[in-house]
Amino acid sequence: MSGTGLKEGSTDVALLSAMRSGDGQAMAALYDRYSAIVYSVALRVLGDSGAAEDVLQEVFMQLWRNPGVFDSSRGHLGPWLAVIARNRAIDALRKRRPETDIDDVVVLVHPDMTGDADRKQAMEKVRGALGSMPAAQRSALEMAYFEGLSHSEIASKTGEPLGTIKTRIRSGLLTLRKVFET
Amino acid sequence: MSSHEQFADDLALHALGTLQGEERLALEKHLESCADCRRELDLLRGDMSLLALSVSGPKPPLRARQRLMNAVTRESRRSAAPARRAWWMLVPSFAAVALAIAVLALWLQNATLQHRLSDLASQSAMQQAGLQKAREVISTLTATDAMTVTLVAAKTPPQPQGKVMYARDRGTLIFLASNMPAPPTQKAYELWLIPMKGAPIPAGMFMPDAHGSATLMNPPLPKDVEAKAFAVTVEPEAGSTVPTMPIVMMGEGE
């Protein structure tokens, strides 16, 4: 590992480029930037700190071993790591092999989470949007996202029609999108 | 309803990874040919990632960072920076090493083959020389015009000599004599086959010429008689059935 003088202000792309040259300090900088998001999602899904740490380790080691797996031309690293972490946590929760190859995951996303201020602002927007959703919609969205339940499982749990659940989940996601489009 | 509308809700479920069974297969098939839906799927994943921001949990423990950095250090030591190059970047190096090994192996093989070739050429030359020598010997022995000369010690009077070639199974015989003195008047020489068992068998009468040479060719003989020796005696010209002493010449088979 060699230090390259990379600081907190370096872009994700610069840090990823340094990682490709085997720079462990760049890895550490990215970890400090995004480990909280990755760990929070994993912990929320799994409810166990040890299992969440395993997901955290796995996600960042995958990035270390193959930094090229993330395509910086198609989105930001933070949201991509959040998706990968959530998917791996769901796999762990359901005790199943990973269903999606991380090479296939493309996240076209709006907010840049690079800076602390960016992340804080984005969090407030998301919480605001979720708070304004009807409870049933928010619940369906969270069951699908944090518990990995299918629409059939949600429908049998809530006693509501399949089509209703499907529509609620999609419209909930579109609501979040609109928050960042305005 | 257009196909996009038909799959709109399923796209959201697919982004969340919860679409299963036939619905998932149908959507994946549609995605293969629909760029708009592929883009919408990527956007929905972006929307989905926002949900992570709704969580406000504790930060990961410090030990998690240490664990990660330890693993990173271990892997760095194992692979070192040059080893992190893409595998295909090493192809020319591997190819060069493989080529060098192949060239060395071929050179060694070539040197070995040259050495063996040299040995074979040497052996061949020796065999050719041996064969030529044998041909010359056979040629001399079989030449019809070859002169045969027997040398003896100087100032020694020529000694009578006879040579028998006898083929027992065929009952054939050739006898050559030289330096034979002329027999007494009304006498002749008689050749005898002395068998392993029984009495001597007459094997032909002969008279030497002016040079003392004589020849007997296939005298009448019983077949398959094993000869112990051959002898020559002086007998009346008509021949005898029993040899008359003394024996002039005698010899055993070699």
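The values are calculated or read from the model by the stated rules, or taken from the named source; none is laboratory data. Remember, predicted model here, so these are calculated numbers, not experimental data. Positions of Cβ are backbone-derived with ideal geometry, glycine not excepted, and every protein chain shown enters the neighbour counts.
Here's the yes/no breakdown for (1) part of a strand (DSSP E or B); (2) surrounded by 17 or more Cβ atoms within 10 Å (Cβ to Cβ):
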residue	(1), (2)
B:Pro158	no, no
B:Arg170	no, no
B:Leu176	yes, no
B:Thr185	no, no
B:Asp209	no, no
B:Pro222	no, no
B:Lys228	yes, no
B:Thr233	yes, yes
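Please state which one of B:Ala238, B:Ala199 is small (Gly, Ala, Ser), assigned to a loop (DSSP other than H, G, I, E, B) and modelled with pLDDT of 90 or more.
None of the others qualify; the one that does is B:Ala199.
Restricting attention to the range B:124-144, does a residue exist that is within 21 Å of B:Asp209 (Cβ to Cβ) and at pLDDT below 85?
Yes, that holds for at least one residue.
What tally of residues in the range B:152-206 results from selecting those that are under 49 Å from the mean Cα position of the chain (by Cα) and of a type in the set (Ser, Thr, Tyr)?
2
I need every pair where a residue in the range B:27-53 that is facing chain A (nearest Cβ under 9 Å) and over 13 Å from A:Phe180 (Cβ atoms) has its Cβ under 9 Å from the Cβ of a residue that is polar (S, T, N, Q) and assigned to a helix (DSSP H, G or I), sequence separation at least 6 or different chains.
Every condition considered, the pairs that remain are B:Ala52/A:Ser40.
If A:Ala52 satisfies every condition in (1) in contact (Cβ under 8 Å) with a residue 40 or more places away in the chain; (2) crowded, with 22+ Cβ neighbours inside 10 Å but one, which is the exception?
For A:Ala52, the failing item is (1).
So for the range B:238-245 (the condition being under 17 Å from B:Thr172 (Cα atoms), among the aliphatic types (A, V, I, L, M) and in contact with a strand residue (DSSP E or B) (Cβ under 8 Å, 6 or more places away or on another chain)), does at least one residue qualify?
No, the range B:238-245 contains no residue that is under 17 Å from B:Thr172 (Cα atoms), among the aliphatic types (A, V, I, L, M) and in contact with a strand residue (DSSP E or B) (Cβ under 8 Å, 6 or more places away or on another chain).
Among the numbered criteria (1) at pLDDT 90 or above; (2) assigned to a helix (DSSP H, G or I), which one does A:Asp118 miss?
With respect to (1) at pLDDT 90 or above; (2) assigned to a helix (DSSP H, G or I), A:Asp118 is out only on (1).
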